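Q: What follows is a structure written as structure tokens; I'll ask about it next.
The values are calculated or read from the model by the stated rules, or taken from the named source; none is laboratory data. Predicted model only: the values in this text are computed from it and were never measured. Note that each Cβ is placed from the backbone with ideal geometry, even for glycine, and that neighbours are counted across all protein chains shown. All accessible areas refer to the heavy atoms of the entire protein, side chains included, with ligands and DNA or RNA removed. Shrake-Rupley method; radii C 1.70, N 1.55, O 1.52, S 1.80 Å.
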Amino acid sequence: MGKVRVYELSKELGINSKKLITVLQELNVDVKNHMSTMEENVAQKVLNMLTKGEKKPINEESAAEEAKIETAVAEKTPVETVPVKKKKNSKRFIRESRKARKTARLSGQEKGTPEESLFLEGRITVGELAARLNVMPSKILAKLLDLGIIYNINQQLTEDILEILSEEYGIKFKIKVDPNEEVLQNLMEQADEDSTAQKLRPPVVTVLGHVDHGKTSLLDAIRETNVIASEAGGITQHIGAYTAEINGKRVVFLDTPGHEAFTAMRARGAQVTDIAVLVVAADDGVMPQTIEAINHAKAAGVPIIVALNKIDKANANPERVKKQLADVGLLPEEWGGNTIFVNVSALKKEGLEEILEMILLVAEMAELKANYSREARGIVIEAKLDKGRGPVATMLVQDGVIGIGDPVICGNIYGKVRAMVDDKGFRIKKAYPSTPVEVVGLTEVPQAGDNFMVVKDEKLAKQIAQKRGEKLREATLRKEQKISLDDFFNQIKDNEIDLNIIIKADVQGSAEALHESMMKIESEKIKIKIIHKGVGAITESDVMLASASNAIIIGYNIRPEVNARKLAERERVDIRLYRVIYEIIDDVKAAIHGLLEPEYEEMILGQAEVRQIFKVSRVGTVAGTYVLEGKINRNASMRVIRDGVVIHEGKIDSLKRFKDDTREVSTGFECGILLENFNDLKEGDIMEAYEMRKVSS
């Protein structure tokens, strides 16, 4: 039985969604907002009641029970949902609604038109609409997120989403459609309507888990046991994904870094993974990265299957691990929950068939389908610039078929497929749904998470890509800065807003204490959400999660990794580092009340690694170091970092190149560093030079 959303029914009826929600609630239909769903036959009954039978029934079962709706209204009894044996296509109702609105617009008889109008042209993104409405893009994204719709700033808004936003802002959007985009949209809708070519497709799976818990071992074991056929020349062609088979059915595993598969793509509004397999070592149990992986999977909204690995070890304790996971929201099926647990041993290749069977079971319940006759569309998993072949993109076909010679649009990039290589290294001529394939022929390198589609008309594809490129350049000029504590107060003056925070600390106790302190901060307009907390250095994964969730990272007594800091600058993620907990609380409170006035900011000058230790009598411990990046300045403040945790902050006593004193040492050179009042140095420690600079107001 298909589902129909409230806003879809309201558009068919030509009334405001809020009014319809009131009517439905009076009929005891369980709906709460625009995105609430109801059974298709219930929607048909409401439709017939409010239009006095002028609308045609959505299906025969609904028509047979039209009379019951009037009785339900009179007696204020719940509308009964009748099970239907034959499954119907729920998209039909939406398509009819769209056609009705289009006809109404052409005839000038559209109902419920707000007095204020705003003219929009072509392909409208969130950033462009925000600029036209003179609001922050984050406010539009927040409204959509409240309705369960995940969007990003450069993603195209559909007609249905614009309809919802029109109601929210009380403004009628009058859209001047780009002729080429309209042709493309019509082609896509025609392909969508062809339900005869819909078949079950293989599931796409990502494996997540804590380091050393056996993610790679499990993937390798599945690859050796189940990978289809043999690889070309015995050499693995790494394209970021591979296909396994069990009982004649395929499963696609993404072999990209797990968190990136969720966060980088979710940050761009894409959803690529169907199922997440969480690998947990039965001897170690739940670790910091395990919690992190669970948070990423939940944020992406995909079902989780737990693989309890290393079950063959003598000290394995699966029941203890199940208890730990139950405490963080993954309750096993045998305990009354809905999370599947499978005992495996990647080393002894035990439980592999069972884990694949469970993946297929979850996929079967989800009824993953795709069209095997239309032009392909899907997502770019990863991309690179190859010296010999030019731009090369690993694409995952999600729907339709892509072949050699097909024109492809990938966002604002155009290309023509010159060659395709599958996950086994073989050249292929066609790729079908849920097939990872390396494509050569794009004019530029796309980004991971970009959507692609095949367009048979090459001229049309070029024109659309060119126009999108122009629009994207305009939108980039207005691109929203990521949220920071400094400008947070400006965003909360008018509306209630969530402040998403990621906490990283040196020990678990500090992280818990900080979490509790944050939750005690009260405000009428602010709701603080701790979307992740963990122990250890701030990693690239933390920054990507912050970017995807528009969060602030707060670090207590730890430092970001070099690559994480660079990524934070690129993604404009605000990282705040502290040594005292009450300062964190004070800053967050001050930001909430608009009192934060930053006077100084920390500037990282350079980092050096301790390669050798020299004990000098009556002087102390001299560190023989190699400058990894930036410069080490004689007058700079210096902190010592061991395994991502700050163990000392102070001043440099002396800085030498060979036996001579020097003012600074640049990247790639060695030097000797003696710190003031600190001798507890070890090989592998990182020395970070920094200075506090006054920020002009």
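Q: Treating the beta-carbon of each Lys and Arg as +1 and of each Asp and Glu as -1, no other charges, what is the dipole magnitude of the range 557-697 about its Cα centre, to the nearest 20 debye?
A: 420 debye
Q: Follow-up question, since we're still on this one. Using the Cα centre of the range 388-459 as the reference point, and only Cβ charges (+1 on K/R, -1 on D/E), how large is the resulting charge dipole? Debye, rounded to the nearest 20.
A: 300 debye
Q: Now for a separate question. Given a Förster distance of 35 Å, report the FRET efficiency between Arg618 and Glu683 from their Cβ-Cβ distance, rounded to the nearest 0.05.
A: With R0 = 35 Å, the Cβ-Cβ based efficiency is 0.95.
Q: Going by average Cβ neighbours within 10 Å, how do the peptides 673-679, 546-552, 382-388, 281-287 rank, with the highest at the top?
A: Packing order, densest peptide first, comes out as 546-552, 281-287, 673-679, 382-388.
Q: Towards the positive end of the charge dipole of the range 330-424, with charges on Cβ (+1 Lys, Arg; -1 Asp, Glu), say which of Ile409, Ala366, Ser345 has the farthest Cα.
A: The Cα lying farthest towards the positive end belongs to Ile409.
Q: What does the accessible area of Asp312 come to, in Å² to the nearest 10, when a probe of 1.4 Å is used?
A: 60 Å²
Q: Round to the nearest 10 and report in Å² the accessible area of Met420, as given by a 1.4 Å probe over the protein chains' heavy atoms.
A: The accessible area of Met420 comes to roughly 0 Å².
Q: Sorting Arg418, Arg657, Arg693 by accessible area (1.4 Å probe), largest first, what list results?
A: So, going from the largest accessible area down, we get Arg418, Arg693, Arg657.
Q: Another question about this same structure. Working with all protein chains in place, sort Lys298, Lys529, Lys32 by solvent-accessible area computed with a 1.4 Å probe, largest first.
A: Lys32, Lys298, Lys529
Q: Provide the packing ranking of 513-520, 563-570, i.e. peptides ordered by the mean count of other C-beta atoms within 10 Å per residue, highest first.
A: 563-570, 513-520
Q: Further, regarding this structure: Apply 1/(1 + (r/R0)^6) to the Cβ-Cβ distance of Asp327 and Asp660, taking R0 = 60 Å, and write down the FRET efficiency to the nearest 0.05.
A: So, using R0 = 60 Å, E works out to roughly 0.55.
Q: Right, another one. Please arrange Arg427, Arg250 by accessible surface area, largest first, computed with a 1.4 Å probe and ligands excluded.
A: Largest accessible area first, the residues go Arg427, Arg250.
Q: What nm value, rounded to one decimal, do you get for the distance between Val507 and Lys348 when each label is placed 7 Å out toward the C-beta?
A: Inter-label distance under the simple model: 3.8 nm.
Q: So if I take the centroid of the Cα atoms in the range 268-322 and the same for the range 355-416, what is the distance between those two points in Å?
A: 26 Å
Q: Related question: Tell me, what is the 1.4 Å probe accessible area of Tyr556, in Å² to the nearest 10?
A: We get 40 Å² for Tyr556.
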